[in-house]
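Trainee: Mind having a look at this structure? Questions to follow.
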Amino acid sequence: MRTVTMREIVPPLPPIVHNQFAEVRELFNRFVVPSYGRFDLAFSHGAGHHVWDVSGKRYLDLGGGIAVCALGHANPEITETLIEQSRRLVHVSNLYYHEPQGRLAQRLVGHLAPGKIFFCNSGAEANEGLYKLARKFGHDEGRFEVLTAVNSFHGRTLAGIAATGQEKVKKGFEPAVPGFRHIPFNDLDAARDALSPATAAILIEGIQGEGGITPATPEYLLGLRELCDEQGVLLLVDGVQCGHFRSGRFQSFQRILEGIPGAESFLPDGLSMAKSLGGGFPIAAFWVREESMGVRLCDLLGAGSHGTTFGGTPLGCAVALKVLDVIERDRLADHVRTTGDFIKRRIAGLAEKYPSVVRSARGLGFMLGFELQDRDRIPGLSGSDKPASLQVVNRLHEAGILTIPSGNQIVRLLPALSLPRSLAEEGLGVIEDVVRSIA
Ligand SMILES: Cc1ncc(COP(=O)(O)O)c(C=O)c1O
């Protein structure tokens, strides 16, 4: 048999074509549904922590594809895994068993607690599974309602926008899917007051991401658990953005509750995962706790009750297993913790040095953000009517750094978990230059 060389399988990097941007944008304008607000940037390739646009300009990626590229770009171990697994088996229907799905489920359960995993394709879909779990759980008592937090984000499907606590995602898509109400985040009394005889579950993010990098407080997490146990309501956590070691622990609630008396046994009843799980390859999942409040939760979604064609393919699972291997082997959780603390301290330093621009540093691990002052108080930004966050992200693009805006005032840093401290320092230097230039 002829052996196929790597050269034949992996195409060489595309040549850098100059001034191709207008051409690429024109294709989008003509053929792609314009549902995204896009920056005027088109990328051609990436390597490690850098990506190159079609004009050949290099950017340090501190946005990580919005918390997706856990091991950076074109990671050779991911590439190898893709090649190897795709030679063996890319897809089989969920009518059958295969080893990678079982092994990945085992590894994810091992990072949490006894329970089971359902695999799917996106964060919104993982959360959909949690809503169905909640409805099934409450069904015989006529309970169906899920309480979610103001400023939360849970995805763009119809139930996702009903669950999301932000008006802007709902507008124009009424009538909303029934059964969702929003409660102020980190306010236990409000949660208690909002419970109704129809409530089946409370769903929160461990750290609100799209809402502006706001971690749940330990008191809130512990208080919600107690409240849910007392009222027979499920506690569900959306770990799509804040999960998969981004906080410095597998899940952000584990980091938030570290060292808190009485928190050792804290567990939600269900947890959604996506984004970093496949390091850029689309795969998502939700975990269901084995048992809660006397109910065997992990078997509630029985045969025929839920499914998806592409959920947990051999290819997706093999890649996700490799991402986990590398994170564990290279002790990236510890790295994220120490380097994340370092970055956060440096951002806090910027807030002290340039108080007219930076108000505060937010977040944990590699889920960080800096909060900007009101646009009209920032000398270098007040002349434009664009939100401050967007203007700063644009200036950072000019300076060769990718970051992610959140709302009008937050700039997020969600880099690969493997970002070395030296590149973090380089990026912080550029961020300081930009902040200084608008102060
Ligand atoms: C917390 C959270 N949940 C759900 C989602 C939706 O995930 P997806 O875009 O993969 O559907 C996101 C996406 O940003 C998210 O941040």
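Trainee: Say whether the condition of being more than 13 Å from the ligand (Cβ to nearest atom), surrounded by 14 or more Cβ atoms within 10 Å (Cβ to Cβ) and not in a helix (DSSP H, G or I) is met by at least one residue in segment 150-164.
Mentor: Yes, that holds for at least one residue.
Trainee: Right, something else. Taking segment 165-179, which residues are assigned to a loop (DSSP other than H, G, I, E, B) and either closer than 20 Å to Thr199 by Cβ or away from the ligand (no atom under 16 Å from the Cβ) (or both)?
Mentor: Gly165, Lys171, Gly172, Glu174, Pro175, Ala176, Val177, Pro178, Gly179
Trainee: Name the pairs: first residue in segment 101-126 and farther than 12 Å from Phe286 by Cα and not assigned by TED's automatic domain parsing to the domain that holds Gly307, second residue of a type in the set (Val, Ile, Thr) and within 13 Å of the ligand (Cβ to nearest atom), Cβ to Cβ under 8 Å, at least 6 apart or on different chains?
Mentor: none
Trainee: So, one more: Could you tell me whether Gly278 is in the same structural domain as Glu219 (by TED's automatic domain parsing) and either among the aromatic types (Phe, Trp, Tyr) or under 23 Å from Gln106 (Cβ atoms) (or both)?
Mentor: Criteria met by Gly278.
Trainee: Here is a follow-up. With respect to Ala190, determine if the residue is touching a strand residue (DSSP E or B) at 6+ places or on another chain (Cβ under 6 Å), without any contact (Cβ under 8 Å) to a residue 12 or more places away in the chain and either away from the ligand (no atom under 16 Å from the Cβ) or small (Gly, Ala, Ser) (or both).
Mentor: Answer is yes for this residue.
Trainee: Which condition number in (1) within 16 Å of the ligand (Cβ to nearest atom); (2) out of contact with any helix residue (DSSP H, G or I) (no Cβ under 8 Å at 6 or more places or on another chain); (3) in a helix (DSSP H, G or I) is the one that Gly311 fails?
Mentor: (3)
Trainee: Where in segment 217-295 are there strands (runs of 3 or more DSSP E), lying fully within it, with 3 or more residues that are within 14 Å of the ligand (Cβ to nearest atom) and within 25 Å of Gly340 (Cα to Cα)?
Mentor: 270-273
Trainee: May I ask you to list pairs of residues, at least six apart or on different chains, whose Cβ atoms are under 6 Å apart, with the first in segment 302-326 being hydrophobic (A, V, I, L, M, F, W, C) and the second being assigned to a loop (DSSP other than H, G, I, E, B) and modelled with pLDDT of 95 or more?
Mentor: Every condition considered, the pairs that remain are Phe310/Asn121; Leu315/Val90; Ala320/Ile283; Val323/Ala70; Val326/Leu71.
Trainee: I'm told Pro261 meets every condition in (1) within 30 Å of Asp325 (Cβ to Cβ); (2) at pLDDT below 95 except one. Can you identify the failing condition by its number?
Mentor: (1)
Trainee: Which one of these does Ala67 not meet: (1) away from the ligand (no atom under 16 Å from the Cβ); (2) within 25 Å of Thr308 (Cβ to Cβ)?
Mentor: Status for Ala67: all satisfied but (1).
Trainee: Same structure, new question: Can you name every residue in segment 354-376 that is loosely packed, with under 14 Cβ neighbours inside 10 Å and among the charged types (D, E, K, R)?
Mentor: The answer is Asp374, Asp376.
Trainee: Take the conditions more than 16 Å from the ligand (Cβ to nearest atom), under 27 Å from Ile66 (Cβ atoms) and touching a residue at least 12 places away in the same chain (Cβ under 8 Å) and apply them to Ile183. Does it pass?
Mentor: It is true that Ile183 is more than 16 Å from the ligand (Cβ to nearest atom), under 27 Å from Ile66 (Cβ atoms) and touching a residue at least 12 places away in the same chain (Cβ under 8 Å).
Trainee: If a residue must be free of Cβ contacts under 8 Å to residues at least 12 places away in the same chain and crowded, with 24+ Cβ neighbours inside 10 Å, how many such residues does segment 194-244 contain? Working first, answer last.
Mentor: Keep residues of segment 194-244 that are free of Cβ contacts under 8 Å to residues at least 12 places away in the same chain, which gives 226, 230.
Now narrow it down to the ones that are crowded, with 24+ Cβ neighbours inside 10 Å: none.
Here the count works out to 0.
Trainee: Working only within segment 193-209, note down all residues that are away from the ligand (no atom under 15 Å from the Cβ) and either touching a Ser or Thr at 6+ places or on another chain (Cβ under 6 Å) or assigned to a loop (DSSP other than H, G, I, E, B) (or both).
Mentor: Result: Leu195, Ser196, Pro197, Ala198.
The values are calculated or read from the model by the stated rules, or taken from the named source; none is laboratory data. All of these numbers come straight from a predicted model, not from anything done at the bench. Don't worry about glycine lacking a Cβ; one is built from the backbone with ideal geometry, like all the others, and counts go over all protein chains shown.
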